[in-house]
Amino acid sequence: VDDKYQYSSENKDNKVHGWICSDPPVGFWQITPSNEFRNGGPFKQDLTSHVNPTTLAIFVTSHYAGEDLLLKFKHGEVWKKVFGPVFIYLNSVPDGHDALSLWNDAKEQMKKEVEAWPYNFTASDDFPKSDQRGKVSGTLLVYDRYISQDKVPARAAYVGLAPQGDNGSWQRESKGYQFWTTANEEGYFSIANVRAGEYNLYAWVPEFIGDYKYEVSLTIAPGSDIDVGKLTFEPPREGPTLWEIGIPDRTAAEFYVPDPNPKYINKLYVNHPDRFRQYGLWERYNDLYPDKDLVYTVGVSDYRKDWFYAQVTRKTADNVYKSTTWQIKFSIDSVAKAGIYKLRLALASAHNSNLQVRVNNADENPPLFSTGVIGGDNAIARHGIHGVYWLFNVDVPAAQLMQGGNTIYLTQARSQSPFQGIMYDYIRLEGPSSFKLLELI
């Protein structure tokens, strides 16, 4: 199977793509030096090319996100936005044996275009030139008292300016412009070439759950240079980590991605970092778990081998789909007499799903927690390892836990199609805050 979704790319990486013809040896490339006009932020995935030689300039779509990213207007609302410019680059070589060198040349040209952004040849007043834009810089630190008593640099944090909104609202934003960068080893960031306007400063930090938002709105004027100083992100945390599954990186890439069915295999993605781009991987769940659903035992199981990359529906012999319930088994040596344990559920994707949580009672009704129907990113069908990020924080009363063995049941309750499901990013169970206080005493 070869389909357009196998050529998807995150906005932050989608700067140059195209085609090579061997006879004659000619390259056709689309170079997009900036993501400022694309929707959904730097991690929004979108198409680059169709399976035939069709190159796509994608600006606004709901792919890998759902209805939240569709443009919606109120009666009489005035709106405009500049898309592009996009650069079409053609190159050639005399000898067809050197055709692959056209790709390296295209990447070098892309670097030149990125350096030249924003272009100054445009005549429209709606496209501000470099001297009509502003800059924001600062340093982001992270403070998680259960990891370190000191603030630590937000290394490799993604920091951006986007239209004003709530924490994480940038990933559902289509109407405005966004400007993103990556912090260095010291947590320092600098965002240049920002269009004039009103923004919030947002961030998320790999290896930490949650979103950061600087509560002071920023007004960017032409030529402005704003230093916000040192900022501190305190990620969600109530108590010490009792156990965790996965890596908080907003993708399911670290979990078990199966080999594809041989009849579907695309050789492009064999031994490739993006091996999840293969078609039909969701069907392998039935193959690997033909009779019973996944059971994960903390301290014994390995999430890289034993946690399937997506919790999907189960197809029965009569072609009916059933919901699935995964189990997490774990032990607690000493349960707090009172207090609240906290279950953190970070989801990398959800499509028309309802995730229900039960503790030590698989038939509990109503469940301890339910997300309700969430998601529309369809990342499972589109061979993506993530869609829109979700974070749910579930209170687990100490009275529901037992000394010794415990089980958490995770049920994806909707089951009308093979693509209803979720991808987990990271799961963590925290003890009550008193646990840490007792340790300190």
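The values are calculated or read from the model by the stated rules, or taken from the named source; none is laboratory data. What you are looking at is a predicted structure, and each value in this text was computed from that prediction instead of being measured. Methodologically, a virtual Cβ is constructed for each residue, glycine included, from the backbone with ideal geometry; neighbour enumeration extends over all protein chains shown. The protein model used for the area step is the full one, side chains on, heavy atoms only, and it has no ligands, DNA or RNA in it. Shrake-Rupley method; radii C 1.70, N 1.55, O 1.52, S 1.80 Å.
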Original post:
From the list Arg284, Arg275, which one is free of Cβ contacts under 8 Å to residues at least 40 places away in the same chain and under 30 Å from Ala183 (Cβ atoms)?
Top reply: Arg275
**OP:** Out of Val205, Val216, report the one residue that is modelled with pLDDT of 95 or more, among the β-branched types (Val, Ile, Thr) and open to solvent by less than 50 Å² (accessible area, probe 1.4 Å).
**Re:** Val205
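Please verify whether Gly404 is in contact (Cβ under 8 Å) with a residue 24 or more places away in the chain, surrounded by fewer than 14 Cβ atoms within 10 Å (Cβ to Cβ) and in contact with a Ser or Thr (Cβ under 8 Å, 6 or more places away or on another chain), treating the condition exactly as stated.
On the way: in contact (Cβ under 8 Å) with a residue 24 or more places away in the chain: yes; surrounded by fewer than 14 Cβ atoms within 10 Å (Cβ to Cβ): yes; in contact with a Ser or Thr (Cβ under 8 Å, 6 or more places away or on another chain): yes.
Answer is yes for this residue.
Among the residues of the stretch 97-151, write down those that are aliphatic (A, V, I, L, M) and in contact with a Ser or Thr (Cβ under 6 Å, 6 or more places away or on another chain).
Step one: of the stretch 97-151, the residues aliphatic (A, V, I, L, M) are 99-100, 102, 106, 110, 114, 116, 123, 136, 140-142, 147.
Matches in the stretch 97-151: Ala99, Leu141.
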Original post:
Out of the residues in the stretch 223-248 that are over 30 Å from Val335 (Cα atoms) and open to solvent by less than 50 Å² (accessible area, probe 1.4 Å), which is nearest to the chain's Cα centre (by Cα)?
Top reply: Phe233
Subject >> Which listed residue, of Thr48, Thr32, Thr55, is under 13 Å from Ile88 (Cα atoms) and open to solvent by less than 20 Å² (accessible area, probe 1.4 Å) >> reply: Thr32
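From the residues in the stretch 123-138 that are open to solvent by less than 30 Å² (accessible area, probe 1.4 Å) and either modelled with pLDDT under 95 or not aromatic (Phe, Trp, Tyr) (or both), which one is farthest from Ile209 (Cα to Cα)?
The first filter runs over the stretch 123-138 and keeps only residues open to solvent by less than 30 Å² (accessible area, probe 1.4 Å), leaving 127-128, 133-134, 136-138.
Filter again for either modelled with pLDDT under 95 or not aromatic (Phe, Trp, Tyr) (or both), leaving 128, 133-134, 136-138.
On the way: Pro128: 36, Arg133: 32, Gly134: 30, Val136: 24, Ser137: 23, Gly138: 21 Å.
It comes out as Pro128.
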**OP:** Please specify each residue of the stretch 153-209 satisfying the condition of being part of a strand (DSSP E or B) and small (Gly, Ala, Ser).
**Re:** Gly160, Ala162, Ser190, Ala192, Gly197, Ala203
**OP:** Please work out which one of (1) under 23 Å from Pro33 (Cβ atoms); (2) open to solvent by 20 Å² or more (accessible area, probe 1.4 Å); (3) modelled with pLDDT of 95 or more is the condition Asn120 fails and give its number.
**Re:** (3)
Subject >> Selected residue (only one of Lys322, Lys329, Lys305, Lys315 is loosely packed, with under 10 Cβ neighbours inside 10 Å, on the phi < 0 side of the Ramachandran plot and of a type in the set (D, E, K, R)) >> reply: Lys305
**OP:** Please verify whether the stretch 250-258 includes one or more residues that are farther than 25 Å from Ile408 by Cβ, among the small types (Gly, Ala, Ser) and in a loop (DSSP other than H, G, I, E, B).
**Re:** no
Original post:
Given the conditions (1) assigned to a loop (DSSP other than H, G, I, E, B); (2) over 25 Å from the mean Cα position of the chain (by Cα); (3) in contact (Cβ under 8 Å) with a residue 12 or more places away in the chain, and given that Lys74 satisfies all but one, which numbered condition is not satisfied?
Top reply: (3)
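Consider the stretch 64-85. How many of its residues are open to solvent by less than 50 Å² (accessible area, probe 1.4 Å) and of a type outside the set (Gly, Ala, Ser)? Write out each step before concluding.
So the first thing to find is which residues in the stretch 64-85 are open to solvent by less than 50 Å² (accessible area, probe 1.4 Å), and the list is 64-66, 69, 81-82, 84-85.
From the residues that got through so far, the ones that are of a type outside the set (Gly, Ala, Ser) too are 64, 69, 81-82, 85.
Within the stretch 64-85, residues that are open to solvent by less than 50 Å² (accessible area, probe 1.4 Å) and of a type outside the set (Gly, Ala, Ser) number 5.
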Subject >> Close pairs from the stretch 159-185: first without any contact (Cβ under 8 Å) to a residue 40 or more places away in the chain, partner among the β-branched types (Val, Ile, Thr) and in a strand (DSSP E or B), Cβ under 9 Å, at least 6 apart >> reply: Thr181/Val159; Thr181/Ile191; Thr182/Val159
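Residues are listed down the side, and each one gets a yes or a no for (1) free of Cβ contacts under 8 Å to residues at least 24 places away in the same chain; (2) assigned to a loop (DSSP other than H, G, I, E, B); (3) touching a Leu at 6+ places or on another chain (Cβ under 6 Å):
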| residue | (1), (2), (3) |
| --- | --- |
| Asn365 | yes, yes, no |
| Gly384 | no, yes, no |
| Leu410 | no, no, no |
| Arg428 | no, no, no |
Original post:
Any idea which of Gln420, Gln416 is crowded, with 19+ Cβ neighbours inside 10 Å and either under 30 Å from Gly41 (Cα atoms) or of a type outside the set (A, V, I, L, M, F, W, C) (or both)?
Top reply: Gln420
Original post:
Considering the stretch 274-308 alone, what residues qualify as being among the charged types (D, E, K, R) and assigned to a helix (DSSP H, G or I)?
Top reply: Arg275, Arg277, Glu283, Arg284, Asp287, Arg304, Lys305, Asp306
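Given the criterion within 20 Å of the chain's Cα centre (by Cα) and open to solvent by less than 50 Å² (accessible area, probe 1.4 Å), identify the matching residue among Leu281, Leu294.
Numbers: Leu294 fails: within 20 Å of the chain's Cα centre (by Cα).
Testing whether each residue is within 20 Å of the chain's Cα centre (by Cα) and open to solvent by less than 50 Å² (accessible area, probe 1.4 Å) leaves just Leu281.
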Original post:
When the residues of the stretch 332-363 are filtered to those that are of a type in the set (S, T, N, Q), modelled with pLDDT of 95 or more and part of a loop (DSSP other than H, G, I, E, B), which remaining residue is surrounded by the fewest Cβ atoms within 10 Å (Cβ to Cβ)?
Top reply: Asn361
